[in-house]
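What follows is a short report on a single structure.
FYI, it's all coordinate maths here, none of it is from the lab. Please read these numbers as outputs of a predicted model, since none were measured by experiment. Here Cβ is always computed from backbone atoms with ideal geometry, including for glycine, and neighbour counts include all displayed protein chains.
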Amino acid sequence: MTLEGHTAFVSGAGRNIGRAIAIALAESGCNVVVNGYTDPAACEAVAGELEQRGVRALTVIGDVGDAGDVRRMAAEALGAFGTVDVVVNNAAIRPRQPLLEMSEDDWHRVMAVDLHAAFYTTKAFVPGMVERGWGRIISFTGMNAIAGHGGRSHVSTAKHGVWGFTKSLAIELGPSGITANAISPGPINTTRDDPEFAKHIKSQVERVPVRRLGESEDIAALCVFLASPQAGFICGQMIASNGGMTT
């Protein structure tokens, strides 16, 4: 599979799954726009890794949950590359907050990053995809879009929304040569700021039929396939990569 001649925008690309996706895309020949918000240095480091693989990389720092920031970053990306025909909506926040402790600001912040961002980035880059008759939109849902989760009602609501958005995009944009799909990862061995996360994620191994945690590279490989020309007949799907936890 090759993505030479294409350019991807990857949100939340400074570490973990986003970084792995950016690297895998670069190894397939794709130029990459590396987005991050809280750690510009990490994003610059990822961009350097991509350039070592012989592709062009651009770092754009901004909040994908803010429509104005997305418009600015899209203008920078399009100014540098001319086109962006692969959009990967990876960035997300997943705070654990019981409903009765959740403020309106808490709710709206999760909606902005986990749901509205997919709308903002799609609106920003789809016009060029329609003009060229080719494009890929890949968004992330996760187990939160398969079942409700106590203490994360805002996250589950947002991720269910991303799934609905993806299905609608597939119908609307498919005739223009654009596919829209979602990836639903299971427990992935990533690094988080929450010190309890490592303990929690390791406890999930027994629930996974293949008896291991997923790695960021597992998700990145699926993402590259969905972005490739070979995946052109896959559209409007939510593909679970979770070691058999759901069937």
Rounded to whole Å, sorted largest first: equivalent-ellipsoid semi-axes of the chain, Cα gyration tensor: 26, 20, 19
Residue among Ile93, Ile17, Ile146 with the largest mean-square fluctuation in a Gaussian network model of the chain, springs linking Cα atoms under 10 Å: Ile93
FRET efficiency for Glu215 and Glu101, using Cβ-Cβ distance with R0 set to 35 Å, rounded to 0.05: 0.60
Under 5 Å, built H, 5+ apart or other chain: amide partners of Phe140: Asn89, Ile183
Distant-in-sequence amide H partners of Asn189 (H built 1.01 Å from N, under 5 Å): Gly214, Glu215, Ser216
Alpha-carbon Rg/Rh ratio, for region 129-244, with Rh computed the Kirkwood way: 1.02
Max mean-square fluctuation residue, GNM over the chain, Cα-Cα springs under 10 Å, options Phe81, Phe233, Phe119: Phe233
Highest-MSF residue in the chain out of Arg56, Arg109, Arg192 [GNM, Cα springs under 10 Å]: Arg192
Net length gained if the chain between Arg53 and Glu206 were fully extended (0.36 nm per residue, minus Cα distance): 51.4 nm
Lys, Arg +1 and Asp, Glu -1 on Cβ, resulting dipole of region 149-247 about Cα centre, debye, nearest 20: 260 debye
Charge dipole (debye, nearest 20) of region 7-241; +1 at Cβ of Lys and Arg, -1 at Cβ of Asp and Glu: 560 debye
Mean ellipticity per residue at 222 nm, deg cm²/dmol - from DSSP H runs of n ≥ 4 across the chain, formula -39500 (n - 2.57): -13000 deg cm²/dmol
Amide H contacts of Thr59 (H built 1.01 Å from N, under 5 Å, at least 5 apart or other chain): Val34
Region 5-97 pair-distance distribution - Cα-Cα, 10 Å bins, rounded %: 19, 55, 23, 3, 0
Contact order normalised by residue count of region 117-191, Cα under 8 Å, 6+ apart, percent: 39 percent
